[in-house]
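One structure below.
Each reported figure results from applying straightforward, stated rules to the coordinates on display, with no laboratory input. Since we're looking at a predicted model, the values are computed, not measured. Counting neighbours? That spans all protein chains shown, and the Cβs are built from the backbone with ideal geometry, glycine included.
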């Protein structure tokens, strides 16, 4: 595109020269003045054609032509040819388009001098050309020859200076456009560079996380194993304690690795800001605006969840609300119960409603991409998820458990307990395991998941998929 515009600028002046010469030859053809004025038209046309390519030569030509006319070398302007001086205005325009300030100033000064020469040729009669401007228009100026000369000089200079000013304005506009395009291109390059830098920073951060999650854990595992081997005969009770510590550290490392895998393999841009638990309130408010009746309850002191776990919980709540809207309509009632009084977050989303569904319910064993996505998110977050009709058959329940982060010293004080880790993390089974992670027993609210909660059997119908 830049080459095309540059080509257009270079061709515009020669094209204008050809049009100028053809016009004046055609206009004087019937008067028999073509032969007399051919040199003048040719020199002016040459000046126009060279105005952008060779501006100095063009300025010299627009001075030479009036001087030659003044000395009678070429035909002086007549009643039907004085308009040929428009060539000087065209030359001023093309020269002013050039970016050189000194060239523009020289063109403006030459325009003043040429205007004076042209006014002299038009207003002052001589023996060889007694008929001048006053005889062409039929009346002379009231102030005599001097006033007529001054008025013609001012008029010609006004036309030449006006063309010069238009050229300067055109060049300024073109320069602004070029600068804007350059800025846009630079901004695009900066955005691409910034994205690449963010990707590199994210990769470096993932590398650090992998190192922190595995290097420390493996070092502890090796240390505990070597100590157990060394003391297995003299202090056999240490072996059991070491094996317990190795199991705890291994579980923690496995959970960290799964979180990293989720962040790497998720569909979203890994460098973009991700939703947290705090964004659930805004999600609920947005769904309430469509008419849904949504209640949120929270029990216990909120524990610490990794950013990837918070994103998983947010997406699960979002998908559950979306399914309720699709299958129970805008009048559906949803209760979101969050229980922190255990080794993690127990989440129960119950939806009920008899409104007009937005989509038809699925039939068969296919659970749909939405439920499969929720199950996978819960699994990658280190927990589990079940989605099935409620026990009374009037609603639908999504039950989730996501473990919270363990403090570094918990492995030494937890003994043989495995309550802080879901069963899926212990035996490697997925969300469809028949033995999910335990929920806090004895103090869970009625709306929260219980240890007896199990995924639905494969033959059950899932209308919310």
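Observations
- Principal semi-axes of the equivalent ellipsoid, √(5λ) from the alpha carbon gyration tensor of the stretch 26-88, are 21, 13, 9 Å from largest down.
- Mean shadow area of the stretch 275-348, taken as a quarter of the surface of its Cα convex hull (nm²): 4.5 nm²
- FRET efficiency, 1/(1 + (r/R0)^6) with R0 25 Å, evaluated for residue 197 and residue 298 via beta carbons: 0.05
- Label-point gap, in nm, between residue 19 and residue 261 - each point 7 angstrom along Cα→Cβ: 7.2 nm
- Legend: calculated FRET efficiency, residue 281 to residue 333, from the Cβ-Cβ distance at R0 = 25 Å, rounded to 0.05, equals 0.85.
- Put a dot 7 Å past the Cα of residue 390, heading toward its Cβ, do the same for residue 68, and the two dots end up 10.2 nm apart.
- Using a Förster distance of 30 Å, the FRET efficiency for residue 112-residue 186 (Cβ separation, nearest 0.05): 0.15
- Once the Cα-Cα distance is subtracted from the 0.36 nm per residue extended length, the residue 57 to residue 222 segment shows a gain of 50.7 nm.
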